[in-house]
Amino acid sequence: MTTVERAPAGSAGNAGSAGAEAARRRTFAVISHPDAGKSTLTEALALHARVIQEAGAIHGKAGRKSTVSDWMDMEKARGISISSAALQFGYDGTVVNLVDTPGHADFSEDTYRVLAAVDSAVMLLDAAKGLEPQTMKLFDVCRHRGIPVITVVNKWDRPGLEALQLMDEIRDRTGLEPTPLTWPVGIAGDFRGVLDRRTGDFVRFTRTAGGATVAPEERVPAEAAAAREGEAWTTAVEESELLEAMGQVHDQEAFLAGATTPVLFGSAVLNFGVGQLLDVLVQLAPAPAPREDAKGEPRDLDAPFSAFVFKIQAGMDTQHRDRLAYVRVCSGVFERGTVVTHAATGKPFATKYAQQVFGRDRETVDTAFPGDVVGLVNANALRVGDSLYVERPVAYPEIPSFAPEHFAVCRAEDSGRYKQFRRGIEQLAQEGTVQVLRSDLRGDQAPVLAAVGPMQFEVAQHRMGGEFGAPVRLDHLPYSLARLTDRETAKRLVGQSGVEVLERSDGELLALFADKWRLSRVERDLPDAFLVPLVAATS
Ligand code: G4P
């Protein structure tokens, strides 16, 4: 049985102001190309913070303890993590909020939403693979959103690339200057520990069985390290000096401005370097700052409560078919039970049921502060991007939806279950699981589902059958591109082959094209047509 101890939201802060509480918070996400070790690191971080005593309690991956929901079974079977959990723990006087992101590239839209809710990101690289396609996209998204990134080179216990080569790759391909805080002693596959570049000490690691308990880190002064590790130490010192000569030294301002990325080396599976990452997060990662509203005006941390929805998740618990809206608190103090205003509708919303979701575990949240993530239960009216506030109105910027590249017509297998079908489709659209498009021509019984990655369809189909009791058939459509359009242009597109216009559930009109040739043809034939690109998953 796993013991769970955690810092309840705001446990130490009831006396403090929202601003003071925000100052001791770090809200971040771990991001990576799939398989770089994100789930392993998440567990290792929690383990280090002594939230859990033994690794394996968060994601319930295959072979570990089972998870609550049936669609999580799908994640287990595929070895991926679709559902995100927000994890809060206390560490060194700081409240750490780790917002988990889905591992698979098909769910990059979800990852993007999570990145709207964090103040920094930890980018995990596989030492053997370096920068992978999803790594590049995520670095881009972080730059776009101005999120400072801490890079962790993971799996140093296995043969991999040379450390200097990795640094070159980061600088050349991401444009970020890598500023290693630690430097490996021993090549990848012969990991002895790291040189702490800030103190000059050797941090020696000791292996524990399967990395299941917190690995002790022993600090050894430089002279003793030289005697003990010989050439491996000398090489590390020389390379570190080389980095210094090249100006690859941490600079807090440059890091916060998104110009540099501090780098750490470690092995999540063996718990090497994980404690150092936590220390770096506490010391260097930014605390929540006043958030800008849609007009670009920052709302003070001490202003009355405000938050925005960055994720909606349903079907977490098969016993209670509920729906959770995850909000990030931006200002003020959240107090459970307060009636807040839903900015989109102006209607009151009672926050009677508020939870912190930790893997399979849920716990009621009574108080939360800027930077914290709260799961609001049965928040049926809330959509991703919606703002909530008390007293002084605020609307935070919308979270853009990605350009879908896969399209399929969705029909109920059993026409007698149309009511369930409609409810399910509506919910999936609200959650952003898939985008839902319709047209008079196709009718409401045959909406078109649009996705960034095909696995979103699998989740939608699985949930329609399992959760909403309306099994569906999906027929793929031969489109691969979407553009925003208007009614005027839509009229002119009627009858063009390889083009179709549908209305998305948020009211936007989308023109779908078979391929980019079809699109350029239309753009050439109708030069004044209104056809605007959507945010691409790759931007
Ligand atoms: P993800 O969430 O980023 O997709 O990655 P995940 O943590 O599931 O890790 C992917 C694989 O890499 C797992 O192996 C995991 O054990 C391994 N791994 C993670 N960190 C390290 C590390 O520091 N060193 C080494 N050597 N391996 C690491 P798997 O065989 O796919 O799964 P499992 O059965 O071990 O869980």
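Some notes on this structure:
- Only listed residue being in contact (Cβ under 8 Å) with a residue 24 or more places away in the chain, assigned by TED's automatic domain parsing to the domain that holds Pro159 and more than 20 Å from Leu41 (Cα to Cα), chosen from Leu243, Leu270, Leu264, Leu281: Leu243
Yes or no, residue by residue, for (1) more than 16 Å from the ligand (Cβ to nearest atom); (2) open to solvent by 10 Å² or more (accessible area, probe 1.4 Å); (3) closer than 29 Å to Glu391 by Cα:
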site	(1), (2), (3)
Thr260	yes, yes, no
Val263	no, no, no
Asn271	no, no, no
Ala285	yes, no, no
Gly296	yes, yes, yes
Ala307	yes, no, yes
Phe310	yes, no, yes
Ala314	yes, no, no
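- Hey, Arg173 loosely packed, with under 14 Cβ neighbours inside 10 Å and either in contact with an Asp or Glu (Cβ under 7 Å, 6 or more places away or on another chain) or touching a residue at least 40 places away in the same chain (Cβ under 8 Å) (or both) or not: yes
- Hits in segment 338-372 (condition: modelled with pLDDT under 90, open to solvent by less than 50 Å² (accessible area, probe 1.4 Å) and assigned to a loop (DSSP other than H, G, I, E, B)): Thr351, Gly359, Val365
- Members of segment 20-37 that are within 25 Å of Ala127 (Cβ to Cβ) and among the acidic types (Asp, Glu): Asp35
- Of the listed requirements (1) part of a helix (DSSP H, G or I); (2) in contact with a helix residue (DSSP H, G or I) (Cβ under 7 Å, 6 or more places away or on another chain); (3) not acidic (Asp, Glu), Leu166 misses just one: (2).
- Out of Arg204, Arg198, sole residue that is open to solvent by 30 Å² or more (accessible area, probe 1.4 Å), basic (Lys, Arg), more than 16 Å from the ligand (Cβ to nearest atom) and under 24 Å from Gly37 (Cα atoms): Arg204
- Matching residues in segment 432-450 - criterion: being over 15 Å from Pro102 (Cα atoms) and touching a residue at least 40 places away in the same chain (Cβ under 8 Å): Gln435, Val436, Leu437, Arg438, Ser439, Arg442, Val448, Leu449, Ala450
- Scanning segment 128-148 for residues that are within 16 Å of the ligand (Cβ to nearest atom), touching a residue at least 60 places away in the same chain (Cβ under 8 Å) and either in contact with a strand residue (DSSP E or B) (Cβ under 7 Å, 6 or more places away or on another chain) or assigned to a loop (DSSP other than H, G, I, E, B) (or both) yields Ala128, Lys129, Glu132, Thr135, Leu138.
- Within segment 491-505, the presence of at least one residue that is in contact (Cβ under 8 Å) with a residue 40 or more places away in the chain, more than 25 Å from Val309 (Cα to Cα) and open to solvent by less than 20 Å² (accessible area, probe 1.4 Å) is confirmed.
The values are calculated or read from the model by the stated rules, or taken from the named source; none is laboratory data. Note that the structure is predicted; figures quoted are calculated from it, not measured. All Cβ positions, even for glycine, are placed from backbone atoms using ideal geometry, and neighbour counts span all protein chains on display. Just the protein is used for accessible areas: all its heavy atoms, side chains included, with ligands, DNA and RNA removed. Shrake-Rupley method; radii C 1.70, N 1.55, O 1.52, S 1.80 Å.
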